[in-house]
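Chemist: First the structure, then my questions, so here it is.
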Amino acid sequence: MAWNPDLYNKFKEERYAPFYDLLAMLNKRENLKVIDLGCGTGELSHKIQLELPGSKVLGIDAAMEMLRDAAVFENENLHFEHLDINEKIQSGEKYDLIFSNAALQWLDHHEQLWPEIIALLYSGGQLLIQMPSNHDHFAHQTLREIAKESPFKEALNGWERIASVLDIAIYARILFEQGCKEMTVYEKIYPHVLTDANAIFEWTSGTTMIPYLERLPDDLKTRFANEYKNRLQTHYPEKPVFYPFKRTLMSGMF
């Protein structure tokens with residue numbers, strides 16, 4: 001997908017709040033082999049490294065435009081690779097800590113994916129994952145609705161983005177079935193107060209709307225975006241706008 005680091009980082013503080021909740025569950029040890037799946041700009045990979053003295057941290061991301069911003073954080077214990085998450089999983093290389101913040105929601109078939117990821121952990125290893133689970137919010141539902149309307153439906157060949165994130169009870173079951181010894185799995189709403197409806201549009205433009213625009217021809221991209229913006233403005237006439245963002249967080253010790 002064509003990511004825009006500047007647009008993504010416009011709401012950096014709001015996006016980073018779940019990361020710190022995830023980091024709070026980190027089992028801090030020294031000299032670990034760590035991977036950050038979907039590291040983005042690398043800033044959070046660097047924060048992980050600072051918490052784990054002597055550990056070797058690898059951040060991977062499929063978006064080269066995001067990794068360009070990661071170079072400033074690279075050091076002898078922190079490196080980055082332009083690599084698809086699925087490719088890395090298939091390599092079979094093992095780690096003491098597998099970390100992923102707001103990335104795995106882009107991958108499908110989580111009931112199959114989670115065991116594959118867990119298989120990459122050494123005995124005694126930890127899995128730490130955070131993902132948005134806000135797919136039932138108006139901002140997300142509206143994108144799917146517009147995609148089903150003409151002329152977008154025809155241009156998209158009926159495609160729509162189906163949420164891959166599961167109910168937290170299912171993740172807990174998967175962790176248990178894969179031999180998890182200690183687990184924490186929960187859903188949390190992060191209450192964001194944004195300036196107006198246009199701020200919600202800018203937020204989703206940096207993430208959720210990207211795969212729709214990618215698949216549309218150039219002559220429909222602006223039309224799609226404007227239709228989405230208009231519906232947000234109609235639904236949220238008030239200022240400021242309360243945007244409750246729901247996320248799933250989990251820690252598993254194996």
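Chemist: What do you reckon, is ILE146 part of a helix (DSSP H, G or I) and in contact with a helix residue (DSSP H, G or I) (Cβ under 6 Å, 6 or more places away or on another chain)? So that I can check it myself, show each step before the final result.
Modeler: On the way: part of a helix (DSSP H, G or I): yes; in contact with a helix residue (DSSP H, G or I) (Cβ under 6 Å, 6 or more places away or on another chain): yes.
In short, yes.
Chemist: Filter region 40-78 down to residues that are part of a loop (DSSP other than H, G, I, E, B) and in contact with a Pro (Cβ under 7 Å, 6 or more places away or on another chain) and give me whichever is nearest to TYR20 (Cα to Cα). So that I can check it myself, show each step before the final result.
Modeler: As a first pass, look at region 40-78 and keep what is part of a loop (DSSP other than H, G, I, E, B): 40-42, 52-55, 62-63, 68-70, 74, 76-77.
Within this subset, residues satisfying the condition of being in contact with a Pro (Cβ under 7 Å, 6 or more places away or on another chain) are 41, 69.
Details: THR41: 16, ASP69: 21 Å.
Only one residue fits best here, namely THR41.
Chemist: Tell me whether region 159-171 contains one or more residues that are surrounded by 17 or more Cβ atoms within 10 Å (Cβ to Cβ), in contact with a strand residue (DSSP E or B) (Cβ under 8 Å, 6 or more places away or on another chain) and hydrophobic (A, V, I, L, M, F, W, C).
Modeler: yes
Chemist: If you don't mind, there's one more thing I want to ask. For ASN31, which of the numbered conditions (1) farther than 18 Å from SER251 by Cβ; (2) surrounded by 15 or more Cβ atoms within 10 Å (Cβ to Cβ) fails to hold?
Modeler: For ASN31, the failing item is (2).
Chemist: Determine the pairs where a residue that is within 19 Å of LEU128 (Cβ to Cβ), located within region 153-180, has a partner that is part of a helix (DSSP H, G or I) and of a type in the set (Phe, Trp, Tyr) with Cβ atoms under 8 Å apart, the partner being 6 or more residues away or on another chain.
Modeler: Matching pairs, first to second residue: SER164/TRP106; TYR171/TRP114; ILE174/TRP114; LEU175/TRP114; GLN178/TRP114.
Chemist: Within region 173-186, identify whether any single residue is assigned to a helix (DSSP H, G or I), modelled with pLDDT of 95 or more, among the β-branched types (Val, Ile, Thr) and under 21 Å from LEU127 (Cβ atoms), and answer yes or no. Quick ask: steps written out before the conclusion?
Modeler: Step one: filter region 173-186 for residues assigned to a helix (DSSP H, G or I), giving 173-177.
Pick out the ones that are also modelled with pLDDT of 95 or more and you get 173-177.
Filter once more, keeping what is among the β-branched types (Val, Ile, Thr): 174.
Okay, now just the ones that are also under 21 Å from LEU127 (Cβ atoms), so 174.
The answer is yes; a qualifying residue exists.
The values are calculated or read from the model by the stated rules, or taken from the named source; none is laboratory data. Since the structure is predicted, the reported quantities are computational estimates derived from the model, not experimental observations. All Cβ positions, even for glycine, are placed from backbone atoms using ideal geometry, and neighbour counts span all protein chains on display.
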